[in-house]
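**Q** Dropping a structure here in structure tokens format, bear with me for questions.
The values are calculated or read from the model by the stated rules, or taken from the named source; none is laboratory data. All values derive from a computational prediction rather than experimental measurement. Methodologically, a virtual Cβ is constructed for each residue, glycine included, from the backbone with ideal geometry; neighbour enumeration extends over all protein chains shown.
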Amino acid sequence: MAGLSPTREVLGNGVTVIAKRTSTTPAVTLLANLRAGSVHDTAAHEGLAHFVSRTIDRGTSRRSAEELAEQLDERGVTLSTSISRHLLSLSCTCMAEDVSHVLGLLAEVITQPSFPPVEVERRRGEIVTLIRQDDDNPAAVAVDTFMQMLYGPAHPYGWRMRGTVESVQGIDRGMLQQCHDARAVPAGLSLAIVGDIDPARAIDEAHSVLGVWNGRAAVEMADAPIRAARGRQCRVVPMMNKSQTDIAYGFATIARTDASYHAYAVMNNLLGQYSLGGRLGDSIRERQGMAYYVFSSLEANLMPGPLVIRAGVSPANVDKTIASIDTELRALIDGGPTEQELAESKQYLIGSMPRALETNMGIATYLQTAEFFGLGLDYDLRMPDLVRAVTREQVHDAARRAIDPAAATVVVAGPFEGSLS
Amino acid sequence: MAALEHAVQTASIVREEVLENGLRVLIQPVHAAPLATVWSWYRVGSRDELPGLTGVSHWVEHMNFKGTVNIPRDQVKGIIEKHGGYWNGYTWIDQTTYTETATRDALDHMLFIEAERMTSCLYDPADCESERTVIISELQGGENDPEQLLDQELTATAFRAHGYRHPTIGWLSDLETMTRDDLFGHYRRFYAPNNATLVIVGDVDETDVMSRVVKHFGWMEPHDVARRPCTTEPEQLGERRVTLSKEGTTAYLKIGFHAPAAAHRDFLALLVLDAVLTGAKGVNLWASFRTAPPQRSARLYHSLVDSGLASAVSGALLPTADPFLYTVSVTATDGVSLDRVEAATASELDRVRTNGITPPELRKAKNQLRARLVFENDSITNIAHQLGYFDTIASWQLSSTLAARIESVTVDDVGRVAADRLSPSRRTVGRFEPIR
């Protein structure tokens, strides 16, 4: 079985290009990852990388924001930008006939943004509005507060990626330019081109627009220290104008490159994902009818990322829901998974891969994840065996190490004023 | 014209069958990945609900995941996941639908599940009670979002008679009082082969699919769905307004205009007009709205976002069986008054109502829509969704001919639709004014 078998090439200047041909639609998806995520912010300028992501595509040294908009809109292309802890991503899908032109525009945006002052001010207003909207959203408040408490003020995973109103007001155009110049460098760029285009041609096209880009090597950040668990910590953020409370409950876990990653992934799946939310869904939604949604997610990253359990419940059910989460975690720690749960979750994680790789964007995202974590071009072929090899004892051990309720960080945001324990 | 060729090709390879019991079956082989998708569609949505029973269609959808005569309750969990599959369902104003996408070897299993769902769901009283609080939790989660609240209020204000006026999730008092028998009665009435369309797309052989469909569904008896007449919404004679003043941080504006049904000749001209105003979205309820539209050169983006008055603007025109709404939604930039935002929005809408659009704008809108129709059909799940969705509201052929029909829209068509449809006397204005 050949698997995805993408073509990968590192250009002379260090840009990595990964190409994969598909032919379901006459379209091509471009996904560019720059190692310019929010971990490079400073405590004084939280939100700087996000601000760059909102302005990088608003004018280049060759084109105004209006000209760029016209060129993309004319072809039905939406250039999306987003920020994560480690990456600034730019992505779009275009018709195959437009790929040369759109790739040229994308390269221009990545390498020559001009951050026009008027655009910086407009985007500042948008970002402040986004932050205000987050402040009024119990789910966003719960997760932001959870990350702040879990990682503490010294760790960049604890900072708000969009920053605060005050920090965003303190960012000027020079900082945006400086941030871009420092982080957007050829060796820090990975570009996936997936769709109705020959891989050799895709790489040639990328070479023609990115091959001459010069820049120094990106400076990698040393891992920030993770705060040792200091016992259970809880916080309530009352938002009495809301109808429903959001709960974020979790722990710092492992890095994606940790040898036990697949055991953690299986543990997370059977705990809070399988079918309608795994064991947590069975208890809190199906048996007790307390929540429309309850699930867990494992966000293993370059540094140890969180396993976070999320639930939206009536204020009257907050205590009962948290107690139920405690009970389910203790049961998994005490008894480990059943053989049936283990088999089902492993089967699901393996069997769901063809679906994840069905669309161009799905393939591009998968290839970029493998590239970012150094999993290898053949990871799609190796992954089933890696998951199959996970034992019940390894999953049990992951549970014992990762999800002790006595060390949990718990945040409740919404129309709730009680205290938690 | 790659997109148009693709659309025509799609239309030519759909196999349509109708079983003796009235079940409509649409099959389209797509061999891009070793996957198959099944969607079962029922022509019942919140429009079909009577006072006292609002939200019953959606609640019934929830109950139809809780075991059947031949799928015991404790075996529902993992029934698709064991094939690496994904399942879901949704209820909206015109329809209720269920889907599974999994590896192709699960096809027979997926058809079995859908056949069970059509005839043999359990409606255990304890499960009905447990689900009541789940659905109320879903409703309360929606109420946390001021934009969703505003949308609900605006729709209820714009419609006075038609069943589209109440939210699909229902009103709280109905959710608190509805009984198990209400749910079961609704299920038995509307879940019949003659009220359904079954869509199968993927790495399948159509003859094999058809024989499996006959095996699982051919024995079912049709019955009279006894659909009650739906009141035609009377013409709106004057502007309506609704203002929500609640604690919050951000101000929102939403303006709704009565829009044509999907099969009406004006629908596509209004779709083009929306592309000119806010960027093209496409027409796939399942996929189109997950990617932002290409809108930075659109008129309302330019006049509201580029001017700094708003942080976001969007338009929504969804294909529906009866006339629904075209809405424009605006998020005011922090510190900007809603009055200024509303005045600028109204001014831009008046301008297009008076002067129409230009030929270059028409060309760009068509390019955008052509691309979006390709992008929104990039998976078997999405292709099957469109066939079933359009079959529920009009006919599946309508979706396959969209690209060609959009190409025939003229500047005059769009100008006429703007003049007719965007009249201030026919609009409903909704405002969310935050109290800080």
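**Q** Strands (runs of 3 or more DSSP E) wholly in region B:234-345 with at least 1 residues that are within 19 Å of B:ALA371 (Cβ to Cβ) and within 14 Å of chain A (Cβ to nearest Cβ) - which ones? Explain how you work it out, then say what you get.
**A** Numbers: elements: B:240-247, B:252-258, B:310-317, B:325-332.
Here the list reads B:310-317.
**Q** Condition check: in contact (Cβ under 8 Å) with a residue 40 or more places away in the chain, touching a Ser or Thr at 6+ places or on another chain (Cβ under 9 Å), more than 14 Å from every other protein chain (Cβ to nearest Cβ) and surrounded by fewer than 17 Cβ atoms within 10 Å (Cβ to Cβ). Does A:SER5 satisfy that?
**A** So A:SER5 does not fit the description; no.
**Q** Could you pull out the residue among B:THR54, B:THR68 that is closer than 27 Å to A:GLN347 by Cβ, touching a helix residue (DSSP H, G or I) at 6+ places or on another chain (Cβ under 9 Å), touching a residue at least 12 places away in the same chain (Cβ under 8 Å) and away from chain A (no Cβ under 11 Å)?
**A** Numbers: B:THR54 fails: closer than 27 Å to A:GLN347 by Cβ.
None of the other options fit; the residue is B:THR68.
**Q** Any residue in region B:194-203 that is at pLDDT 95 or above, assigned to a helix (DSSP H, G or I) and under 30 Å from B:ILE383 (Cβ atoms)?
**A** Yes, region B:194-203 contains at least one residue that is at pLDDT 95 or above, assigned to a helix (DSSP H, G or I) and under 30 Å from B:ILE383 (Cβ atoms).
**Q** Sticking with this structure for a sec: Applying the selection to region A:26-58, what residues are surrounded by fewer than 22 Cβ atoms within 10 Å (Cβ to Cβ) and under 25 Å from A:ILE203 (Cα atoms)?
**A** Residue satisfying the conditions is A:PRO26 alone.
**Q** Are any residues in region A:287-304 in contact with a strand residue (DSSP E or B) (Cβ under 7 Å, 6 or more places away or on another chain), in a loop (DSSP other than H, G, I, E, B) and either more than 17 Å from A:THR145 (Cβ to Cβ) or among the β-branched types (Val, Ile, Thr) (or both), and if so, which ones? Give the steps one after another, and end with the answer.
**A** Of region A:287-304, the ones in contact with a strand residue (DSSP E or B) (Cβ under 7 Å, 6 or more places away or on another chain) are A:290-304.
Of the ones still in play, those that are also in a loop (DSSP other than H, G, I, E, B) are A:290, A:299-300, A:302-304.
Result: A:MET290, A:ALA300, A:LEU302, A:MET303, A:PRO304.
**Q** If you go through region A:264-293 one residue at a time, how many are touching an Asp or Glu at 6+ places or on another chain (Cβ under 8 Å), among the small types (Gly, Ala, Ser) and more than 10 Å from chain B (Cβ to nearest Cβ)?
**A** The qualifying residues number 1.
**Q** State all residues of region A:125-169 that are crowded, with 21+ Cβ neighbours inside 10 Å, hydroxyl-bearing (Ser, Thr, Tyr) and more than 18 Å from the chain's Cα centre (by Cα); if no residue qualifies, say none.
**A** A:THR129, A:SER167
**Q** Same structure, new question: If you check A:ARG285 against the conditions, is it crowded, with 24+ Cβ neighbours inside 10 Å and among the charged types (D, E, K, R)? I'd like the intermediate steps shown before the answer.
**A** Values: crowded, with 24+ Cβ neighbours inside 10 Å: yes; among the charged types (D, E, K, R): yes.
Judged against the criteria, A:ARG285 is a match.
**Q** For the condition in contact with a Ser or Thr (Cβ under 6 Å, 6 or more places away or on another chain), surrounded by fewer than 17 Cβ atoms within 10 Å (Cβ to Cβ) and closer than 30 Å to B:ARG363 by Cβ, what is the one hit in A:SER23, A:SER91, A:SER61? Write out each step before concluding.
**A** Numbers: A:SER23 fails: in contact with a Ser or Thr (Cβ under 6 Å, 6 or more places away or on another chain); A:SER91 fails: surrounded by fewer than 17 Cβ atoms within 10 Å (Cβ to Cβ).
Just a single option satisfies the conditions, and that option is A:SER61.
**Q** On the given criteria, is B:ILE113 part of a loop (DSSP other than H, G, I, E, B) and either in the same structural domain as B:ILE393 (by TED's automatic domain parsing) or modelled with pLDDT of 95 or more (or both)? Break it down stepwise before answering.
**A** Details: part of a loop (DSSP other than H, G, I, E, B): no; either in the same structural domain as B:ILE393 (by TED's automatic domain parsing) or modelled with pLDDT of 95 or more (or both): yes.
So B:ILE113 fails the test.
**Q** So, in region A:279-296, of the ones that are closer than 23 Å to B:GLN140 by Cα and touching a residue at least 24 places away in the same chain (Cβ under 8 Å), which residue ends up nearest to the chain's Cα centre (by Cα)? Break it down stepwise before answering.
**A** Of the residues in region A:279-296, the ones closer than 23 Å to B:GLN140 by Cα are A:280-296.
So of that shortlist, the ones also touching a residue at least 24 places away in the same chain (Cβ under 8 Å) come out as A:280, A:283-284, A:288, A:290-291, A:294, A:296.
On the way: A:LEU280: 23, A:SER283: 28, A:ILE284: 26, A:GLN288: 31, A:MET290: 28, A:ALA291: 25, A:VAL294: 19, A:SER296: 15 Å.
Taking the candidates together, the pick is A:SER296.
**Q** With the requirement that a residue be touching an Asp or Glu at 6+ places or on another chain (Cβ under 9 Å) and farther than 20 Å from A:VAL128 by Cα, what does region A:140-180 give you?
**A** Of everything in region A:140-180, just one residue is touching an Asp or Glu at 6+ places or on another chain (Cβ under 9 Å) and farther than 20 Å from A:VAL128 by Cα, namely A:PRO156.
**Q** Restricting attention to region A:132-153, does a residue exist that is outside any helix (DSSP H, G or I) and more than 12 Å from chain B (Cβ to nearest Cβ)? Reasoning before the result, please.
**A** Step one: filter region A:132-153 for residues outside any helix (DSSP H, G or I), giving A:136-137, A:152-153.
Keeping just the survivors that are more than 12 Å from chain B (Cβ to nearest Cβ) gives A:152-153.
Looking through region A:132-153, at least one residue is outside any helix (DSSP H, G or I) and more than 12 Å from chain B (Cβ to nearest Cβ).
**Q** A:GLU371: in the same structural domain as A:SER260 (by TED's automatic domain parsing), closer than 17 Å to A:ALA300 by Cα and touching a residue at least 12 places away in the same chain (Cβ under 8 Å), yes or no?
**A** Working: in the same structural domain as A:SER260 (by TED's automatic domain parsing): yes; closer than 17 Å to A:ALA300 by Cα: yes; touching a residue at least 12 places away in the same chain (Cβ under 8 Å): yes.
Spelling it out, A:GLU371 is indeed in the same structural domain as A:SER260 (by TED's automatic domain parsing), closer than 17 Å to A:ALA300 by Cα and touching a residue at least 12 places away in the same chain (Cβ under 8 Å).
**Q** Another question, if that's okay. Any chance you could count how many residues in region B:140-172 are assigned to a loop (DSSP other than H, G, I, E, B) and of a type in the set (Ser, Thr, Tyr)? Even if it seems obvious, please write down each step before you answer.
**A** Step one: filter region B:140-172 for residues assigned to a loop (DSSP other than H, G, I, E, B), giving B:144-145, B:159-162, B:166-171.
Imposing the further condition that a residue be of a type in the set (Ser, Thr, Tyr) reduces the set to B:168.
The number of residues fulfilling the criteria is 1.
**Q** With the checklist (1) touching a residue at least 40 places away in the same chain (Cβ under 8 Å); (2) closer than 24 Å to A:TYR293 by Cα; (3) surrounded by 17 or more Cβ atoms within 10 Å (Cβ to Cβ) in hand, flag the one item B:GLU176 doesn't pass.
**A** (3)
**Q** Filter region A:407-421 down to the residues that are in a strand (DSSP E or B) and under 20 Å from B:ASP145 (Cα atoms) and list them by number.
**A** Here is the first cut: in region A:407-421, the ones in a strand (DSSP E or B) are A:409-414.
Residues satisfying the conditions are A:VAL411, A:VAL412, A:ALA413, A:GLY414.
**Q** Which residue is surrounded by the fewest Cβ atoms within 10 Å (Cβ to Cβ), if the candidates are limited to region B:346-377 and must be small (Gly, Ala, Ser) and away from every other protein chain (no Cβ under 14 Å)?
**A** So the first thing to find is which residues in region B:346-377 are small (Gly, Ala, Ser), and the list is B:346-347, B:356, B:365, B:371.
Still in the list and also away from every other protein chain (no Cβ under 14 Å): B:346-347, B:356.
Details: B:ALA346: 16, B:SER347: 10, B:GLY356: 20.
Per the criteria, the residue is B:SER347.
Here is a yes/no grid of residues against (1) surrounded by 21 or more Cβ atoms within 10 Å (Cβ to Cβ); (2) of a type outside the set (Gly, Ala, Ser); (3) without any contact (Cβ under 8 Å) to a residue 12 or more places away in the chain:
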{"residue": "B:HIS258", "(1), (2), (3)": "no, yes, no"}
{"residue": "B:ASP274", "(1), (2), (3)": "yes, yes, no"}
{"residue": "B:THR278", "(1), (2), (3)": "yes, yes, no"}
{"residue": "B:ARG290", "(1), (2), (3)": "no, yes, yes"}
{"residue": "B:SER297", "(1), (2), (3)": "yes, no, no"}
{"residue": "B:VAL313", "(1), (2), (3)": "yes, yes, no"}
{"residue": "B:THR320", "(1), (2), (3)": "yes, yes, no"}
{"residue": "B:ALA332", "(1), (2), (3)": "yes, no, no"}
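**Q** Restricting to region A:143-181, give me the number of residues that are of a type in the set (A, V, I, L, M, F, W, C), more than 30 Å from A:PHE295 (Cβ to Cβ) and touching a residue at least 40 places away in the same chain (Cβ under 8 Å).
**A** Step one: list which residues in region A:143-181 are of a type in the set (A, V, I, L, M, F, W, C), which gives A:143, A:146-147, A:149-150, A:154, A:159, A:161, A:165, A:168, A:171, A:175-176, A:179.
Still in the list and also more than 30 Å from A:PHE295 (Cβ to Cβ): A:165, A:168, A:171, A:175-176, A:179.
Imposing the further condition that a residue be touching a residue at least 40 places away in the same chain (Cβ under 8 Å) reduces the set to A:168, A:171, A:175-176, A:179.
Residues that pass the stated criteria total 5.
**Q** Moving to a separate point now. Tell me, which residue of region A:379-403 that is part of a loop (DSSP other than H, G, I, E, B) and buried (at least 16 other Cβ atoms within 10 Å of the Cβ) is nearest to the other protein chains (Cβ to nearest Cβ)?
**A** Applying the first criterion (part of a loop (DSSP other than H, G, I, E, B)) to region A:379-403 yields A:389-391, A:403.
From the residues that got through so far, the ones that are buried (at least 16 other Cβ atoms within 10 Å of the Cβ) too are A:390, A:403.
Values: A:VAL390: 16, A:ILE403: 21 Å.
Out of the qualifying residues, it is A:VAL390.
**Q** Here is a check on your reading of the model: is A:SER64 out of contact with any Cys (no Cβ under 9 Å at 6 or more places or on another chain) and either without any contact (Cβ under 8 Å) to a residue 60 or more places away in the chain or closer than 17 Å to B:TYR301 by Cβ (or both)?
**A** Details: out of contact with any Cys (no Cβ under 9 Å at 6 or more places or on another chain): yes; either without any contact (Cβ under 8 Å) to a residue 60 or more places away in the chain or closer than 17 Å to B:TYR301 by Cβ (or both): yes.
Yes, satisfied.
**Q** Next question, about the same structure. Taking region B:381-421 as the search range and keeping residues that are outside any helix (DSSP H, G or I) and modelled with pLDDT of 95 or more, which one is farthest from the chain's Cα centre (by Cα)?
**A** Filtering region B:381-421 for residues outside any helix (DSSP H, G or I) gives B:394-395, B:401, B:408-410.
Checking which are modelled with pLDDT of 95 or more leaves us with B:394-395, B:408-410.
Working: B:ALA394: 13, B:SER395: 15, B:SER408: 25, B:VAL409: 23, B:THR410: 26 Å.
It comes out as B:THR410.
**Q** Consider only pairs whose beta carbons are under 7 Å apart and that are at least six residues apart or on different chains; among these, list those whose first residue lies in region A:374-399 and is on the phi > 0 side of the Ramachandran plot and whose second residue is buried (at least 16 other Cβ atoms within 10 Å of the Cβ) and part of a helix (DSSP H, G or I).
**A** Pairs found: A:GLY376/A:ALA370.
**Q** Any idea which residue in region B:427-436 is farthest from the other protein chains (Cβ to nearest Cβ), counting only those that are surrounded by fewer than 19 Cβ atoms within 10 Å (Cβ to Cβ) and touching a strand residue (DSSP E or B) at 6+ places or on another chain (Cβ under 6 Å)?
**A** Kept after step one, since they are surrounded by fewer than 19 Cβ atoms within 10 Å (Cβ to Cβ), are these residues of region B:427-436: B:433, B:435-436.
Add one more test, that the residue is touching a strand residue (DSSP E or B) at 6+ places or on another chain (Cβ under 6 Å), and what stays is B:433, B:435.
Details: B:GLU433: 13, B:ILE435: 8 Å.
The selected residue is B:GLU433.
**Q** Mind listing whichever residues of region A:314-368 are in a helix (DSSP H, G or I), charged (D, E, K, R) and at the interface with chain B (Cβ under 10 Å from one of its Cβ atoms)?
**A** First, the residues of region A:314-368 that are in a helix (DSSP H, G or I): A:315-335, A:339-351, A:353-356, A:360-368.
In the following step, the residues that additionally are charged (D, E, K, R) were identified as A:319-320, A:326, A:328, A:330, A:334, A:339, A:341, A:344, A:346, A:355.
Across region A:314-368, the qualifying residues are A:GLU341, A:GLU344, A:ARG355.
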